[in-house]
Each structure stands twice: as structure tokens, then as C-alpha cells.
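Down below is the structure, laid out as C-alpha cells.
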Amino acid sequence: MRISEPTLRLLEFEKSLFPFAENLRGELGEKTLSSILPCDTFEQLEAKRALLTSWRECSDKNGDRWLPWNGNAVAVTGLFPQAKRSGLLLGEELLKIRFLLDLAMKTKTALIDFETEYPAFGALARRVRDFTPELGELSVIEDAGRVADNASPRLLEVRNELETLKRAGRKTALRLMDDSSILNMLQERTLTWREGRFLLLVRQEYINRFPGLLVDRSTSGNSVYMEPRILSSVNNRLMLLTKDEHDEEILILMGLTRKVLARERAVLDAESALGEMDMLFACIEVMRKKHWTLPETTRAARFRLVGAKHPLLRDAAVPVDVHCGTDFTTLVITGPNTGGKTVVLKTAGLCAALAWAGLPIPSRDGSLVGNIDAVYADIGDEQSIEQNLSTFSAHLKNIVEILKSATAKSLVLLDELGAGTDPHEGAALGVAILDTLREKHTLTLASTHHNPIKQYALLTHSVETASMEFDSENLSPTYRLLMGVPGKSNALLIARRWGMPESVLKRALASLKEREVSVEELMGELNERRAVIDKMEREMDKERAEVNRLKKNYEDRVAEIEFQKDKIMEAADRRASDLLSKADMTSRELIRGLEEAAKSAAHKELSGKRQDVQKIIKGLEARQAKRLARELESARPETFEPRVGATVQVAGSGIVGVIEFIKGGQAMLIAGPMRVEVPLERLAETKKTAKVAAPPTDTSSLKTSESVPSSIMVRGMNVDEAMPIVMSYLDKAYRAGYSSVLVIHGRGEGILRREVHALCKRLKYVSDYHLGDISEGGYGVTVVEFD
């Protein structure tokens, strides 16, 4: 997008960035924000949008702390010019560079960790080079900016010698101060370190008697700093060592400076990348706090703004819905002075510029900004935010340049078209300008007061009208934009409000041509009707939203009740089935203990009872089938079609798997270590993640005595935990050569037992299965036999 600096100023682009500035975390982001401009190409814009979208998703999912940050990291670009001239960066300056490089490396690591999930992070991570060697070298700069002792062997040697000499000097000074004749001369019993020498503070009257040299006078003038003769040799040596220390530090700092300057380009790239990261953080905060949105994009030259506001108007802004480029390419906005026409033009241009800078815009969801190659503006802003001193000639010169440069993908903003000259000539010129831009298919938003331009907009193809709503009762603008309706200027109404004499108003009315009066009256009537219709639409929208909310609450409540009902019935059915199973087991055991004569009669009696039991079981199964059907209906949308590779859930169970293949109305699922064959109609769509792990195919590695036991214990587990284990175990046991094995599932309510039996029924290599006898564990154990 091409947009000149004067146009950005007219749109107040820089001033409108204050919401981002308020949410930046430091100087790095501030530097990036100060230089931000719209992208040059649509591809650059799409890349920026993808990065911001990924950044927001990552922040929403992982919180703001997923990316490390250090408030001590600041911009270091300004340090390099002086460093190149002098060859020296001080310790404090190198410390700033170390903080920057350290943060850059940590953020690079974080971006790489998330790159698989968010590929847009890759390009940003690659802008940060590897600074491991430089960070190692700069580690000799301590956090206070001081060069560490271990920066070089020579520095360590000098500082050790300095410390030894200082200790010796302090001991000598203490012995001197213990001398009572000397102590009386001292202002205070303290050894002072000034300019690399040990000194004592001596009273003024003892200057000539104290055994030493005068060095300086105290601030009060009542005492002087003197160097005892006994410390002169120590001080002289200290001064030499201090100079050696300083010289060695300079050598070390110059060496570090050369290494940093050798990576200047990489350091500046890292600074730029960190600044962009801070800007991304600020964008997310603005979207959260101020509810700004990232507009959709399209390669077509058009835009649609929903609920857009100019940020400089803050809470006083009235949201506007405005669009251009779909059904028309020219929009003519009319209405009274101070009604908000100019603000609409600025808002449209500003939102386009912000969107092309890759930033969120002050609008609601549903907004769109297309492939706009340039923004041109001619705005005379006499009544709004900035004072405008432009003349009619200057406006014409600007418009001439716009007509030369504008293309079918450009956005042109013309404020008060045809103003500043003779009304008839100005209107004629305005119509000609609009028609020229219309023929070029340029997106054009223009405001005007001239009736001929309004009539042109009403009668010309691909030109639409809009007006700023005016409250004729209160004689004040509402600042709402009414698309599709031309507006009145309301000059006479506003004049009456401000006390214009009635005689003057009558003369003004009389001087208007009859045709113009009728047009103004028609526009006024259309505005009033449109205002009524808009009000009714807003009320209907509120009522519709409330009805939808109540409907949703009702449907959710009904679904919850049905869910609870199904849970209660399912638990009751399971309990009943368990009781019937126990009764059947008990009856079988009782018959075994009867004499032969009594067995026959008991079998006849039991046969009749079993028929009753079968009826009850069929009823339980029918209710379970209905519950399963309801669950499938709620979890399986009409468009759902099971396909190979899809992740699905078996309705009525917690089994989640991936479809391996589909054949004959059956699907083979891989769920953890097991494969399950399930009818297609029992599969439901799910967002859960399936754990897929194919069982081993090498049967030679399975030895009965070593790796596969003759029984498995799953008692105490729930179905989701136990069934994958049972499936895997039966597969291994079959391949290991067992003829039968035991599955110990426990008695309980029989839920796990029924799931084990259902699994055995599906497995083709299971020839039979039955509950164990008393010695094997009764109905707490299932015996599984293989072919």
C-alpha cells in the first residue's frame, strides 16, 4: 500500500497508535511502533496477519508467559555509531547488549518450541541468530556493569595486588590513629579513600603540626584532607596499580567492543525482532481490552467496516457501518455541518491503513479490508481534530495529483467536494471528478453539500448515497451513518436554532428554486422514514437475540434433563441386569446340588422363569438402544461421514480411535493397543485425541512362560482403562499359543464383565467364553478360550 506522509497526518495515523503504546512493555516495542507503516504488498500483509493470529491463539492457549521477557532489555542501536568512532563500549553499554542478546536467545528457543504448532513463528525465530559465543564473552560484565576479576589473568593479578596493598594501608592507618597525639588532631577517626589515595580528615588548626601533606579542604572548611607521610609510599603504589587496572579494563572492553561490532547486523536484527514481539503483545492486549479486531482480507479491492470508531474520539465516538467496492465503487456522504461526515472519511482511511500495517482496527467482527494499493485523501478539516489552512487552489492541486495516480485498487477520500468556490461551478466540478474516478473503478468516499452531486449519486450506476442522521426535533446530529439515503444539509434548521431572525429565514426559503426545495424535502422525508425503520430494526434485533438466548437456554436445559434421565435409567438397567445374572448363576448352582428326580422339575420351572427373564432383558436392551440412538443423534451432525484416518468415538462408550479401514458397513478402529470392529452407525464425531499404538506383529518374540501370563487382573479399573489392556492381553495370549486364559474383572455391578464379554464376542480368534466356576472365582472371572 502506498500512502504519503501528509495523508498519514491527515488521517492522524500516528496519534491513533496510542492504544498500542499504552500496552507496550518497553523501549524495544516503542521503537518498532514509532516506525510502523502499512505493508508494501498483499503477501507481506498476509504474513503479518498469520503471525498475529498465531500469536493470539498461542497466548490464549498458554497464557502470556509462554514467551520469556526481560524489562532490562532496551534498544542498543544508538550505541554503535559512537562505538565505531571510539572503538570502545563501556561496561554499562555492553551490559545492555548482553541483556538484549540473552533475551533474544531465550525468545528464539520459545518460538522454535512452538513452531510445529504455529508455523508462522518460524520466520520470526530465524531473524534471531545464534549469539552463544558473544554471550559467553560478555559474561565477564557483571550486572552492575563492572568488568569481572576473571576477565583476564592480568586484571585478576592487578586487583589481587591492589586488595593486598589496601589491607596493608588500612593496618598502617589504624596504628597511626591509635597514637593519642595524632588522634587529637583528627576531625573524626575515619580513613577516607579519595582519588585513589588513603587520607585522614584533620582539624583546621592542626594543619602545620600533622605529619603529612595537605591534599584538599572539606566542604565545611573546618577541616582538611591530609595524607600521612607514613602512607605516601603505599598511596603512590596504589595509584600506579589503579592505573594498571583501568588500562587492563579498557583493553578488555575494547576487545569485547570489536566482537560486538563484528555482529552489528545480527544484533540490530535481533533488536528488531524483539521489538516486533513486544508489538504483537501490545496488539493482543488492545484486542482484549478495547475489543479491536483483526479484519478479514481479500484480494478484491473493497472494504467493509462494522461498528468502526475513530480512536481519537475515545468514548464519544459513535460506531459506523460503512462499505464500498461490492455493489458500488463510489459513496457520496451528505448531511449537516458538524454531523460527522469528515470523521467517517477519516475512520475509513485510518482503518485501511491500520489493517495494512498488520494491526487490529477499532471495529467489530465481520470487518474486511481488501487489496487496496494506495490511499489518497483531500480533507479540509475545519471543524475537527486538526486545524486546516488549505485553500481552494491547494485542494485542486491535490485532487489533480490524485486523479493522475489513483487506480482501480486505490481508496480516495474527498471531503467537502466542490466547496470553496461558486456553488454551481463547484458542483459541476465535483460531479466531473467523481465520474472520472468512477470510470477508473477507484474506491471513492466523498462528502458534499451540493444538491447536483446528490442527484448524480442517486441516478448514476455504481454510485451509492449515504447521510449523517440528524435529529430534527432536537436540531442536533446523532453522528450515525445511514447507508443508501441522501441527506439534507439542514442549514435553515440549524440557523433557526441559533436565533437567525425569522424574516431572514423566509427570504432564504423564497430564494430557493422550487425544484431544489422539493428535493430537499424529499431527502428529509426519506431520512425520517429511514430513522424510524432503523430504530425498529434495532429493537427487532434485540428481541431476536433475546428469543435466541431463551431458546438456547431451553434446549440446553432439556438436553441436560434427558442426559440425567438416561444416566439414571442406565444405572438402573445395569443393576437389574446384574441382579438377573446373579439370580441365573444362583439357580444353576442350586440345580447342580439337586437329586436327579428333582432336577427335571426344577429345569421345567426354571425354563419358564428364564422366558420371563429374557423378556426383561430384551426390554433393557431396547432402552439401551434408544439411549444410544439419542446419543448418536446429538453427537453426529448430518454432514458427518466416517472416513479412513478420521478420529471417532464409539457411541455409548469412552473408546476413541482412528479408522484404519471400512468394509461392509463396519469400521476397524485402532484405539491404543487394540483394534475394534464397530458398525458405522455407532461412530460419532469427536474432538478428543486418539492414542494409536499398533500391537507387535512379530510373534516369534512372544514366549508363553516369559512374557505373557495365563491371567490378567483389571479389577478396580473403569471401562476406558481396562478394555485397551484386555484387548492387548488377549491378542498376545492368542499369539503366544494359549488355549485358554482368565480375565479377572471382579463382581461389582457387572459393567466391566459385560464389556469383556462383548469384546470376546467380536474377536474372531475367541472360540468360547464363560464365567468361571467356584474354584476359578465365579462370576468375578471370565474364561476365554481360543481356536
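In this entry, residue 135 passes the filter for residues that are open to solvent by 20 Å² or more (accessible area, probe 1.4 Å), touching a Lys or Arg at 6+ places or on another chain (Cβ under 9 Å), hydrophobic (A, V, I, L, M, F, W, C) and within 30 Å of residue 107 (Cβ to Cβ).
Scoring residue 148 on the criteria (1) aliphatic (A, V, I, L, M); (2) touching a residue at least 12 places away in the same chain (Cβ under 8 Å); (3) out of contact with any Phe, Trp or Tyr (no Cβ under 7 Å at 6 or more places or on another chain) leaves a single failure, condition (2). The condition of being open to solvent by less than 10 Å² (accessible area, probe 1.4 Å), within 26 Å of residue 48 (Cα to Cα), in contact with a strand residue (DSSP E or B) (Cβ under 6 Å, 6 or more places away or on another chain) and without any contact (Cβ under 8 Å) to a residue 60 or more places away in the chain does not hold for residue 374.
Which ranges mark the strands (runs of 3 or more DSSP E) fully within the stretch 633-690 that have 3 or more residues being within 19 Å of residue 765 (Cβ to Cβ), at pLDDT below 80 and open to solvent by less than 40 Å² (accessible area, probe 1.4 Å)? Don't jump to the end; show me each part of the working.
Details: elements: 647-650, 656-663, 666-671, 674-679, 683-685.
Correct list: 666-671, 674-679.
Being in contact with a strand residue (DSSP E or B) (Cβ under 9 Å, 6 or more places away or on another chain) and modelled with pLDDT under 95 is a description that does not apply to residue 385.
When the stretch 253-268 is filtered for residues that are within 22 Å of residue 155 (Cβ to Cβ) and surrounded by 19 or more Cβ atoms within 10 Å (Cβ to Cβ), the ones remaining, listed by number, are 253, 256, 257, 260. Whether a residue is assigned to a helix (DSSP H, G or I), buried (at least 19 other Cβ atoms within 10 Å of the Cβ) and touching a strand residue (DSSP E or B) at 6+ places or on another chain (Cβ under 9 Å) was assessed, and residue 155 passes this test. Here residue 235 clears all of (1) polar (S, T, N, Q); (2) under 39 Å from the mean Cα position of the chain (by Cα); (3) open to solvent by less than 10 Å² (accessible area, probe 1.4 Å) except the condition numbered (2). Could you list, in sequence order, all residues of the stretch 759-774 that are open to solvent by 40 Å² or more (accessible area, probe 1.4 Å) and not hydroxyl-bearing (Ser, Thr, Tyr)? Result: 761, 762, 764, 768, 770, 771, 773, 774. Counting only strands (runs of 3 or more DSSP E) that sit completely within the stretch 692-771, zero hold 2 or more residues that are under 17 Å from residue 678 (Cα atoms), modelled with pLDDT under 85 and within 50 Å of the chain's Cα centre (by Cα). Within the stretch 424-472, being part of a helix (DSSP H, G or I), without any contact (Cβ under 8 Å) to a residue 40 or more places away in the chain and of a type in the set (D, E, K, R) holds for 425, 435, 439. Taken together, 210, 198 contain a single residue that is under 19 Å from residue 242 (Cβ atoms), out of contact with any Asp or Glu (no Cβ under 7 Å at 6 or more places or on another chain) and open to solvent by less than 20 Å² (accessible area, probe 1.4 Å), which is 198. Selection of the stretch 755-773 for residues being touching a residue at least 40 places away in the same chain (Cβ under 8 Å) and in contact with an Asp or Glu (Cβ under 9 Å, 6 or more places away or on another chain) yields only 762. Against the numbered list (1) in contact with a Phe, Trp or Tyr (Cβ under 6 Å, 6 or more places away or on another chain); (2) outside any helix (DSSP H, G or I), residue 280 comes up short only at (2). Touching a Leu at 6+ places or on another chain (Cβ under 8 Å), farther than 30 Å from residue 123 by Cβ and either modelled with pLDDT under 95 or outside any helix (DSSP H, G or I) (or both): is that true of residue 230 in this structure? Yes. Taken over the stretch 401-419, residues that are open to solvent by 70 Å² or more (accessible area, probe 1.4 Å) and of a type outside the set (D, E, K, R) amount to 0. The residue that is most open to solvent (accessible area, probe 1.4 Å), counting only those in the stretch 213-227 that are part of a strand (DSSP E or B) and touching a residue at least 24 places away in the same chain (Cβ under 8 Å), is 225.
In the stretch 164-174, is there at least one residue being touching a strand residue (DSSP E or B) at 6+ places or on another chain (Cβ under 6 Å) and either open to solvent by less than 90 Å² (accessible area, probe 1.4 Å) or not in a helix (DSSP H, G or I) (or both)? Yes, the stretch 164-174 contains at least one residue that is touching a strand residue (DSSP E or B) at 6+ places or on another chain (Cβ under 6 Å) and either open to solvent by less than 90 Å² (accessible area, probe 1.4 Å) or not in a helix (DSSP H, G or I) (or both). Per this entry, residue 458 is counted among residues that are open to solvent by 60 Å² or more (accessible area, probe 1.4 Å) and either of a type in the set (Val, Ile, Thr) or at pLDDT 80 or above (or both). Taking the listed residues 41, 53, the one that is in contact (Cβ under 8 Å) with a residue 24 or more places away in the chain and within 24 Å of the chain's Cα centre (by Cα) is 53, with no other qualifying.
The strands (runs of 3 or more DSSP E) located wholly in the stretch 320-379 that include 2 or more residues which are farther than 15 Å from residue 414 by Cβ occupy 320-324, 368-370.
The values are calculated or read from the model by the stated rules, or taken from the named source; none is laboratory data. Note that the coordinates shown come from a computational prediction; the quantities given were computed from them, not determined experimentally. Quick reminder, even Gly has a Cβ in these numbers, built from the backbone with ideal geometry, and neighbours come from all protein chains shown. Side chains included, ligands, DNA and RNA excluded: accessible areas come from the protein's heavy atoms. Shrake-Rupley method; radii C 1.70, N 1.55, O 1.52, S 1.80 Å.
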